[in-house]
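Q: This structure is in C-alpha cells; I'll ask about it shortly.
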Amino acid sequence: MNIEFEEIDGIIVATLFGELDGRTAPLVQDQLLALPRLGGKVLLDMSGVGYISSAGLRALLMLYRQMVADNGRVALVGLTESIRDVMSVTGFLEFFNDYGTLPEGLAALRADDDQ
C-alpha cells in the first residue's frame, strides 16, 4: 500500500494504491491520522485500491471520527464497484460522502466554503 499526498485549493488529497488490509491498515491509519485536521478537508482517492478488509474499514472510520471531532470533512472518490458494495453492505457509506471522480469530490468540498 502506498499513499501519495497533495494539497489542492486547501484540500488534502490522499491517493491510495494497493490493498487496504490487516497488514497495511495500521500504517495507513497512522499516516491519515497525522494529517492536519482542524476544520480541514481530506479527499481520499480510492481508485487505486483493489481490496479493503475490515481493518481497512476501521482505519477509514477512525479518520472520519477524528475529522468530525475537529470540525473537518472527509470524502471519498474513485470507489471500485466491489469496494462500494462492501462499504454499502457494512453501512460505511452512511459516514462518507462518495463522489465518482476527483474533480467532483474537489468541487463538493470547495462548495462547503460557499455555504
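Q: With the structure loaded, tell me whether Ala69 is among the hydrophobic types (A, V, I, L, M, F, W, C) and surrounded by fewer than 21 Cβ atoms within 10 Å (Cβ to Cβ) or whether it fails that test.
A: Considered against the rule, which asks whether it is among the hydrophobic types (A, V, I, L, M, F, W, C) and surrounded by fewer than 21 Cβ atoms within 10 Å (Cβ to Cβ), Ala69 comes out as yes.
Q: Give me the residue from the range 1-31 that is assigned to a strand (DSSP E or B) and of a type in the set (Gly, Ala, Ser) and, out of that set, farthest from the chain's Cα centre (by Cα).
A: Result: Gly18.
Q: Determine, yes or no, whether Leu76 is under 21 Å from Leu33 (Cα atoms), modelled with pLDDT of 95 or more and touching an Asp or Glu at 6+ places or on another chain (Cβ under 6 Å).
A: So Leu76 passes the test.
Q: Shifting gears a bit: Hey, any hits in the range 40-56 for a residue that's farther than 13 Å from Ile12 by Cβ, over 13 Å from the mean Cα position of the chain (by Cα) and of a type in the set (A, V, I, L, M)?
A: yes
Q: Name the residue that is surrounded by the fewest Cβ atoms within 10 Å (Cβ to Cβ), counting only residues in the range 74-115 that are part of a strand (DSSP E or B) and in contact with a helix residue (DSSP H, G or I) (Cβ under 6 Å, 6 or more places away or on another chain).
A: Result: Tyr99.
Q: Hey, another quick one. Based on this model, can you work out whether Leu43 counts as over 16 Å from Glu104 (Cβ atoms), at pLDDT 95 or above and of a type outside the set (Val, Ile, Thr)?
A: No; evaluated as a whole, the condition is false for this residue.
Q: Condition test on Arg23, is it under 17 Å from Leu93 (Cβ atoms) and charged (D, E, K, R)?
A: no
Q: From the list Asp85, Asp98, which residue is in contact with a Leu (Cβ under 8 Å, 6 or more places away or on another chain) and acidic (Asp, Glu)?
A: The match here is Asp98.
Q: Just wondering, is there one or more residues in the range 68-79 that are without any contact (Cβ under 8 Å) to a residue 24 or more places away in the chain, among the hydrophobic types (A, V, I, L, M, F, W, C) and touching a Phe, Trp or Tyr at 6+ places or on another chain (Cβ under 9 Å)?
A: Yes, that holds for at least one residue.
Q: Of everything in the range 1-52, what is among the acidic types (Asp, Glu) and in contact with a Gly (Cβ under 7 Å, 6 or more places away or on another chain)? Give them in sequence order.
A: Scanning the range 1-52 gives Glu19, Asp21, Asp45.
Q: State all residues of the range 19-47 that are surrounded by fewer than 19 Cβ atoms within 10 Å (Cβ to Cβ) and closer than 16 Å to Val86 by Cβ; if no residue qualifies, say none.
A: Glu19, Asp21, Gly22, Ser47
Q: Check whether at least one residue in the range 33-53 is among the charged types (D, E, K, R), without any contact (Cβ under 8 Å) to a residue 12 or more places away in the chain and not in a loop (DSSP other than H, G, I, E, B), and report yes or no.
A: Scanning the range 33-53 turns up no residue that is among the charged types (D, E, K, R), without any contact (Cβ under 8 Å) to a residue 12 or more places away in the chain and not in a loop (DSSP other than H, G, I, E, B).
The values are calculated or read from the model by the stated rules, or taken from the named source; none is laboratory data. This is a predicted model, so every value here is computed, not measured. Note that we place each Cβ from the backbone using ideal geometry, even for glycine, and neighbour counts take in every protein chain shown.
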